[in-house]
1. Just add up the charged neighbours of B:Ala22: K/R +1, D/E -1, any other residue whose Cβ is under 9 Å from the Cβ of B:Ala22.
2. Could you tell me the relative contact order of segment A:52-110? Use alpha-carbon pairs under 8 Å, at least six residues apart, and round to a whole percent.
3. Using θ = phi - 60° and the Karplus curve 6.51 cos²θ - 1.76 cosθ + 1.60, what whole-Hz ³J(HN,Hα) does each residue of segment A:139-144 get, with Gly and Pro shown as x?
4. Using the Cα gyration tensor of segment B:72-121, with a ≥ b ≥ c the square roots of its eigenvalues, what is the shape: rounded (a/c below 1.5), prolate (a/b larger than b/c) or oblate (neither)?
5. Assign one of three labels to chain A, namely rounded, prolate or oblate, based on the Cα gyration tensor with a ≥ b ≥ c the square roots of its eigenvalues; rounded applies when a/c is under 1.5, prolate when it is not and a/b is larger than b/c, and oblate otherwise.
6. Quick one: if you stick a label point 7 Å off each Cα along the C-beta vector at B:Glu68 and A:Asp20, how many nm between them?
7. Every other copy gets compared here: list the nm distances from the A:Glu229 label point (7 Å along Cα to Cβ) to its counterparts, shortest first, one decimal.
8. When the accessible area of chain B is split by element with a 1.4 Å probe, what percent falls to carbon and sulfur?
There are 2 protein chains.
Amino acid sequence: MSRLEIWGVEGIGEVRPGDDLAGIIAAAEPALHDGDVVVVTQKVVSKAEGRLVPIDPDDPQAHRPVIEAETVRALRRRGDLVISETRHGFVCANGGVDLSNVDRGWAALLPIDPDRSARRIRDALAARAGVRVAVIVSDTFGRPWRQGLTDVAIGCAGIAAVVNLRGTRDDRGRELAVTEVAVVDELAGAAELVMGKAAGIPVAVVRGVDGSWLRPGEVRGEIVRPAHEDLFR
Amino acid sequence: MSRLEIWGVEGIGEVRPGDDLAGIIAAAEPALHDGDVVVVTQKVVSKAEGRLVPIDPDDPQAHRPVIEAETVRALRRRGDLVISETRHGFVCANGGVDLSNVDRGWAALLPIDPDRSARRIRDALAARAGVRVAVIVSDTFGRPWRQGLTDVAIGCAGIAAVVNLRGTRDDRGRELAVTEVAVVDELAGAAELVMGKAAGIPVAVVRGVDGSWLRPGEVRGEIVRPAHEDLFR
């Protein structure tokens, strides 16, 4: 029987620039196993990588230029909200700039290359804990047409971002026109269910993922849709 | 520790119009517990509800009028693909009309009221198995800007569709501007990870969900964004 277990990793504590995030994760209980998928929120990855910029804490508009700098194209604007395309090709609110759970006077930016961030954590977990895991860096995005936010993958390593879950024919022998499932996004969303941002659980582990998905993968090449192929840009 | 378990319910077999879907689910192993979330794919809900229309099996374009009838507004067209708004307010490919895993000569339509479908299954599971569970009806939708499909909720019962996961302030006392998480969509996506369409597992169970989420909820009122509030319609 196909069965997944998902848990939040507690006791991670505050993460600061230069912190050894993989070392912190490797020390957590229960121990990681080969084949686990480790989902790490963008916030702690950005903090560990020092992707923080100082802003005037007394100016309520101080983050605006930071957002503009992270926006290569503004798809929509409404009031203070910008729906941005980032230089990674993500479409998200406010260029991915985050002011929550960051010290007053600072803004957190997205990692420069979240797939690379995931690879580094994965490699460091192999070195520290001797385990071969997959790593997903997640962030919380809105969606058009649907209310409520969901966590999606902005980077991954050791797992295909998109998997053909259906085979080429369904169980009636009919060819399936559409077959590609963004499993890293579904895993990022599943991980959020055990996190709860205010509870300070920035890492979750998913155990039991289909072993055939655990191969080289990346969000940039597999998930990010080129603008010229997109019906909504 | 916050921990979820997710498994696919095997042995459901073929579902036909008029079948007692709740009875089939209630008979499956392992037994359901109070507080479980049962995720059922649209395909078997539509089949059980008889939401099937005959189409000429020898005409490769026979499904086109069916798609147009299910489309109240076409947001985009490209080749044979229509990005439709359905009468439920969902935005999805081809009006939600599905030809895969359906007998040749038939097309499956979305349930008329998927929240009601979820409530009926939930009520029947209470009557048959004596359990108080939440039910989500899921479907596989594409997204703008991101490649790959994910499963989302089109109906739910016994669970809030959107939950404030963050409280009103983060752990630094800063007010959080955005706090509403579409947990039913994340649960639908998590469930797909143990399904695999071609493997014929149309039902999954999630155990361990936060009990505070298990209250009356619906996709229609909580997830479907009114067109006039949408930046991309």
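1. Result for the neighbourhood of B:Ala22: +1.
2. Computed value for segment A:52-110: 36 percent relative contact order.
3. Here the 3J(HN,Hα) series is 9, 9, 10, x, 9, x Hz.
4. oblate
5. Verdict is oblate for chain A.
6. About 6.6 nm, to one decimal.
7. Copy-to-copy label distances at A:Glu229, shortest first: 3.3 nm.
8. For chain B, the apolar C and S fraction of the accessible surface comes to 49 percent.
The values are calculated or read from the model by the stated rules, or taken from the named source; none is laboratory data. Here the structure is a predicted model, which is why all the values come from computation and not from measurement. Don't worry about glycine lacking a Cβ; one is built from the backbone with ideal geometry, like all the others, and counts go over all protein chains shown. All accessible areas refer to the heavy atoms of the entire protein, side chains included, with ligands and DNA or RNA removed. Shrake-Rupley method; radii C 1.70, N 1.55, O 1.52, S 1.80 Å.
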